[in-house]
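One structure is given here, and the rest of the page talks about it.
The values are calculated or read from the model by the stated rules, or taken from the named source; none is laboratory data. These numbers were taken from a predicted model, which means no experiment stands behind them. A quick note on method: Cβ atoms are made from the backbone with ideal geometry, for glycine too, and the neighbour counts reach across all protein chains shown. All accessible areas refer to the heavy atoms of the entire protein, side chains included, with ligands and DNA or RNA removed. Shrake-Rupley method; radii C 1.70, N 1.55, O 1.52, S 1.80 Å.
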Amino acid sequence: MTTIDANADLLERQREIVSRKTLKPLTKRRDLPGLIYFFGLLGCIGLTGFIVYLAEFNGWWIWPAMLLHGIMLSHLFAPLHETSHGTAFKTRWLNESVLWFCGIVTIWTPLYFRYDHAGHHTYAQVPGKDPEFVLPTPRTVLGYFYYVSAMHLWVKNGGWLFRHALGYMTPFNRQFVPEDQLPKIYLEARIMLAIYAGLAAFTIYTGSLVVLTYWLIPTIIGVPVARMLRVADHTGCVEESDLRNYARTVTTDCITRFLCWNMSYHCEHHLAPSVPFHNLKGLHNKVGDQLNTVDKGYIGVQWEVLTRHMNGFWRKRPIDPVAREASGSVVQD
Amino acid sequence: MENDWVFAINVDEIDDEDVEPIEIEGKEIAIYRNNGQFYASVDKCTHGNAFLSDGVVVGDVIECPLHQGRFCIKTGKALSAPVSVPIKTFEVKVDDGKVFLKFGQTK
Ligand code: FES
């Protein structure tokens with residue numbers, strides 16, 4: 001299936017689930033909800049940063065403090081994702097500024113992510129085509145920890161940064177980017193590397209630990225929590241382009257929903273990515289009963305993934321077709 | 001038909017800051033309204049063929065429903081990733097509560 005066919009197919013199936021008339025009012029853009037969520041998250045980051053500052057004088061307390069701070073920092077992925085869709089704010093410069101800020105702090109190249117993520121929306125859960133396929137079948141417990149520890153993330157994002165800065169993109173990644181846009185992608189990687197080099201030079205020259213204590217170490221140790229949320233989005237769901245069942249909507253508490261900018265309504269987000277995060281609950285209320293909604297919370301979903309959707313501990317077992325069907329997963333043969 | 005003004009839609013059939021699909025001679029066209037002004041373009045996104053009439057009008061911009069690529073509704077210019085190829089736009093006029101477009105002639 002070509003990209004064009006895949007897109008047409010997606011929209012056709014979207015219409016079977018939700019009408020244009022129902023969707024229209026939900027797609028309206030506003031600035032206020034995004035401002036509340038963004039500055040709310042920055043407030044949390046400021047608060048945990050202050051806790052790190054207090055813990056600096058209390059020996060080993062610095063580590064749990066940095067972990068908490070890192071968990072907050074890693075949730076900047078949520079506004080990065082929403083602004084990559086352009087749905088966070090009605091005002092465009094606000095959207096693009098937040099996109100860049102979050103990209104730099106979370107070490108995601110923002111423009112390339114926009115292309116890559118468009119590919120994910122076209123080919124979500126299609127083996128060999130989805131650029132953001134999280135733990136495709138067959139998956140192992142070790143693979144799960146490799147993903148959740150974020151080692152996978154640093155290899156991927158570091159690869160994007162350095163390869164693009166050197167003016168090279170892998171053929172797989174290239175399929176999502178028009179040829180004439182490559183120079184912009186390479187430039188953004190160079191700008192980001194220059195910023196990080198500046199921070200490294202500052203740290204070495206001044207001997208200050210500020211960058212390490214308030215940003216880099218917390219980011220590295222805190223990001224696994226955000227990775228676990230990503231696992232819940234699709235892992236173990238059907239591995240084919242099925243708008244109703246290839247993602248998971250996870251019912252969860254209001255704090256988690258706030259931190260992940262309502263991406264717990266993941267089926268709804270994939271059903272209609274032009275609906276801003278603040279209207280996903282409204283969309284869920286209208287069509288949620290037709291989508292794959294699970295009410296076991298994020299911890300319950302991790303347990304489900306680890307106990308029902310693994311194909312071995314460290315070596316991939318051959319897949320039993322009966323068990324595969326029972327788990328709802330489809331494998332690329 | 002070429003270069004003739006062709007009836008497209010009644011003014012009161014589109015809300016402000018909105019878009020409606022129409023079909024003329026089997027061709028899919030999107031008609032936009034913003035601040036009381038009307039605009040028209042082909043209805044297919046140049047990135048992945050989604051219907052722009054399912055998208056969102058924000059000021060002078062139409063945002064594609066599928067990957068949120070953005071085009072200027074006045075000029076058809078591609079404004080942000082993942083779109084980079086412009087869309088064709090048509091000349092439009094309003095007469096007696098009706099919107100007409102110059103079909104066959106792009107701006
Ligand atoms: S189909 Fe329009 S932006 Fe992708």
Virtual spin-label span in nm between A:K296 and A:R13, 7 Å along Cα→Cβ: 2.3 nm
Two-decimal ratio, the protein assembly as shown, of alpha-carbon radius of gyration to 2.2 N^0.38 Å: 1.05
Candidate lysines - alpha carbon under 27 Å from B:K88, same-chain residues fewer than 8 apart omitted: A:K21, A:K24, A:K28, A:K90, A:K184, B:K27, B:K44, B:K74, B:K77, B:K98, B:K102, B:K107
Rounded tilt (10° steps) of A:151-165 against the dominant C-alpha axis of chain A: 80 degrees
Helix A:32-55 axis, angle to chain A major axis (alpha carbon atoms, nearest 10°): 50 degrees
Per residue solvent-accessible surface (Å²) - the stretch B:5-106, probe of 1.4 Å: 40 Å²
Shape category assigned to the stretch A:119-179 from the gyration tensor of Cα positions, a/c cut at 1.5: oblate
Fluctuation leader among A:G312, A:G34, A:G86 - chain A, Gaussian network, Cα springs under 10 angstrom: A:G312
Residues of the stretch A:19-49 buried by at least 30 Å² on assembly (accessible area, 1.4 Å probe, chain alone as reference): A:R20, A:K24, A:K28, A:R29
Candidates B:D95, B:D16, B:D54, ranked by Gaussian network fluctuation over chain B, Cα under 10 Å, top entry: B:D95
Computed accessible area, B:V56, all protein chains, 1.4 angstrom probe, square angstrom: 0 Å²
Carbon plus sulfur fraction of accessible area for the stretch A:81-149, probe 1.4 Å, in percent: 74 percent
Accessible surface, the stretch A:145-226, averaged per residue in Å² (probe 1.4 Å): 53 Å²
Distance between modelled label sites at A:Q175 and A:L94, nm, 7 Å Cα→Cβ extension: 3.8 nm
Over chain A, relative contact order from alpha-carbon pairs under 8 Å, at least 6 apart, %: 24 percent
Accessible carbon and sulfur surface of chain B relative to its total accessible area, %, 1.4 Å: 42 percent
Inter-chain Cβ neighbour average for residues A:82-93, partner chain, 10 Å: 3
Selected from B:A81, B:A50, B:A30 as most flexible by GNM, with chain B as the system and alpha-carbon contacts under 10 Å: B:A81
Shielding by partners, peptide B:48-54 (average Cβ within 10 angstrom, other chains): 6
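Below 8 Å between Cα atoms, with a sequence gap of 6+, how large is the relative contact order for chain B in percent? Numbers along the way, then the final one.
Details: 255 pairs, mean separation 30.6, N = 107.
29 percent.
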Area of A:H117 that stays accessible when all protein chains are in place (1.4 Å probe, Å², to 10): 10 Å²
Whole-Å distance, taken between Cα centres, linking the stretch A:8-65 and the stretch A:69-112: 9 Å
A:M151 - accessible surface, heavy atoms, 1.4 Å probe, Å² rounded to 10: 110 Å²
Shape of the stretch A:108-218, Cα gyration tensor, a/c cut at 1.5: oblate
Heavy-atom accessible surface that A and B bury in contact, both chains counted, 1.4 Å, Å² to 100: 2100 Å²
FRET efficiency estimate (nearest 0.05) - Cβ-Cβ, B:K27 to A:L212, R0 41 angstrom: 0.10
Residue mean of other protein chain beta carbons inside 10 Å, B:80-90: 4
Between helix A:297-308 and chain A: long-axis angle, C-alpha atoms, 0 to 90°, nearest 10: 70 degrees
Cα Rg over Rh - the stretch B:5-106, Kirkwood: 0.94
FRET efficiency estimate (nearest 0.05) - Cβ-Cβ, A:R315 to A:K21, R0 60 angstrom: 0.70
Label point 7 Å beyond Cα of B:N10 along Cβ direction - residues of the stretch B:74-107 with amide nitrogen under 15 Å: B:95-100
Approximate spin-label separation A:F57-B:D95, in nm, with each point projected 7 Å along Cα-to-Cβ: 8.1 nm
